[in-house]
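Engineer: Quick one: this structure, given as structure tokens, is what I'll be asking you about.
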Amino acid sequence: MKGRRQANGADGLAIRAMAAAVPDKVQTVAQASGDLGLNAMQVKMFSRLYGLNRLPFDPEQSLGGLLQAALDALAAKAPDDVANARYVLHCHTIPMVRPPADGLGLNLEAAEDISVTMAHCASGLVALDMLQTLLAPGETAVVLVGEKAFHPRVRVIRDNTLMSDGMAALLVGKGSGRWQVLGTHSTHDGAYALSRGHPREEPGLTADYVGFVVSHIHSALQRFGCSVAALRMILPHNVNMISWQAIAKALGVPNAAVYTRNIPRFGHCFGADPFLNLMDADADGQLAPGDKALCVSVGMGMTAASSLIEIPQLTPAASPLNTTI
């Protein structure tokens with residue numbers, strides 16, 4: 001799937017509201033090292049070189065509890081639209097977790113329940129492209145993006161990043177909204193199609209990663225008719241600092257053009273990262289009416305997806321994630 005450039009105006013897609021759930025309980029990389037089997041050199045690599053620090057992780061909270069917390073926070077902002085959503089999507093990396101909306105108190109007689117996983121950590125952005133086709137005018141969708149880092153094997157992507165608990169909840173519809181989705185584009189590299197995250201299944205992944213992401217971003221922007229210079233900010237998945245510094249250099253933009261504030265705060269919250277970063281960048285005052293931002297995520301397999309977001313008008317900014325929910 002290559003994605004599309006979205007329609008504008010009444011037929012265009014917009015994120016009308018967003019909320020997040022991130023556990024209060026955290027571990028530092030050093031504190032997590034025993035559970036994750038990291039040696040002293042790996043602790044230094046992840047913390048000093050890759051910029052990871054706090055890892056939200058609550059072993060006592062279930063996936064259902066995390067989903068419910070994010071949904072409740074979203075419903076507090078738009079109760080009627082959430083209650084009457086036409087579609088409920090859970091976008092997750094781990095293929096089999098749970099029925100997406102089971103036990104969440106939604107009206108499933110009116111809503112179609114959809115699980116989106118094939119793009120792994122890029123599934124949340126791919127879902128926006130799906131909804132451009134699925135949603136009719138007047139309909140809304142609830143999109144839940146994220147999951148639990150429930151097992152040590154799930155929490156470590158070798159030589160790349162450490163995973164955390166986190167969930168973003170989006171209310172999406174056609175027409176106007178705080179965040180207008182101008183387009184979504186995805187790129188696949190079949191060389192990694194059989195990768196399940198095990199050692200020896202990812203030959204050359206680390207070496208190829210930066211070039212793959214840079215090529216994807218250029219392809220996405222060409223499709224959108226947008227230049228790198230026209231972007232106010234890139235909102236990445238929080239894999240690590242060093243890779244995004246290399247990507248920024250290859251794109252010819254300063255490191256400050258990539259919103260990396262949440263890498264040390266949250267680690268890599270699966271597919272939720274670009275949405276957490278969009279909320280925080282907006283709340284920080286770094287996005288103004290007319291600004292364009294590119295949300296970018298990469299999923300194992302290997303899929304990269306980008307959504308071009310515009311702040312179309314002066315509407316109330318997002319609430320900052322200064323404290324976890």
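The values are calculated or read from the model by the stated rules, or taken from the named source; none is laboratory data. Given the structure is predicted, the values throughout are model-derived calculations rather than measurements. All Cβ positions, glycine included, derive from the backbone under ideal geometry; neighbour counts span all protein chains shown.
Engineer: Only one residue in Ala85, Ala73 is assigned to a helix (DSSP H, G or I), surrounded by 18 or more Cβ atoms within 10 Å (Cβ to Cβ), in the same structural domain as Met163 (by TED's automatic domain parsing) and touching a residue at least 40 places away in the same chain (Cβ under 8 Å). Which one?
Structural biologist: Working: Ala85 fails: assigned to a helix (DSSP H, G or I).
Going through Ala85, Ala73 in turn, just one is assigned to a helix (DSSP H, G or I), surrounded by 18 or more Cβ atoms within 10 Å (Cβ to Cβ), in the same structural domain as Met163 (by TED's automatic domain parsing) and touching a residue at least 40 places away in the same chain (Cβ under 8 Å): Ala73.
Engineer: Could you tell me which residue of the range 149-197 is nearest to the chain's Cα centre (by Cα), considering only residues that are farther than 16 Å from Ala32 by Cα and aromatic (Phe, Trp, Tyr)?
Structural biologist: Across the range 149-197, the extreme among qualifying residues is Trp179.
Engineer: To continue, here is another question. Go through the range 141-160 and give me each residue that's under 23 Å from Ser307 (Cβ atoms) and either modelled with pLDDT of 95 or more or crowded, with 24+ Cβ neighbours inside 10 Å (or both).
Structural biologist: Step one: of the range 141-160, the residues under 23 Å from Ser307 (Cβ atoms) are 141-147, 157, 160.
Residues satisfying the conditions are Ala141, Val142, Val143, Leu144, Val145, Gly146, Glu147.
Engineer: Would you point out the residue of the range 88-121, among those that are modelled with pLDDT of 70 or more and charged (D, E, K, R), that is surrounded by the most Cβ atoms within 10 Å (Cβ to Cβ)?
Structural biologist: Among them, the one singled out is Asp113.
Engineer: Now a separate question. Within the range 144-186, track down each residue that is of a type in the set (Val, Ile, Thr) and either out of contact with any helix residue (DSSP H, G or I) (no Cβ under 9 Å at 6 or more places or on another chain) or within 30 Å of Ile242 (Cβ to Cβ) (or both).
Structural biologist: Those that are of a type in the set (Val, Ile, Thr) and either out of contact with any helix residue (DSSP H, G or I) (no Cβ under 9 Å at 6 or more places or on another chain) or within 30 Å of Ile242 (Cβ to Cβ) (or both): Val145, Val154, Val156, Ile157, Thr161, Val181, Thr184.
Engineer: Another one. Looking at Leu171 and the list (1) under 19 Å from Ser297 (Cα atoms); (2) modelled with pLDDT of 95 or more, which single condition is not satisfied?
Structural biologist: Tallying (1) under 19 Å from Ser297 (Cα atoms); (2) modelled with pLDDT of 95 or more, Leu171 fails exactly one: (1).
Engineer: Another question, then. When you scan the range 12-63, how many residues do you find that are outside any loop (DSSP other than H, G, I, E, B) and surrounded by 16 or more Cβ atoms within 10 Å (Cβ to Cβ)? I'd like the intermediate steps shown before the answer.
Structural biologist: Keep residues of the range 12-63 that are outside any loop (DSSP other than H, G, I, E, B), which gives 13-21, 26-36, 40-49, 54-56, 63.
The next check asks that each one be surrounded by 16 or more Cβ atoms within 10 Å (Cβ to Cβ); those that pass are 13-21, 26-27, 29, 32-33, 36, 42-43, 45-47, 54-56, 63.
Here the count works out to 24.
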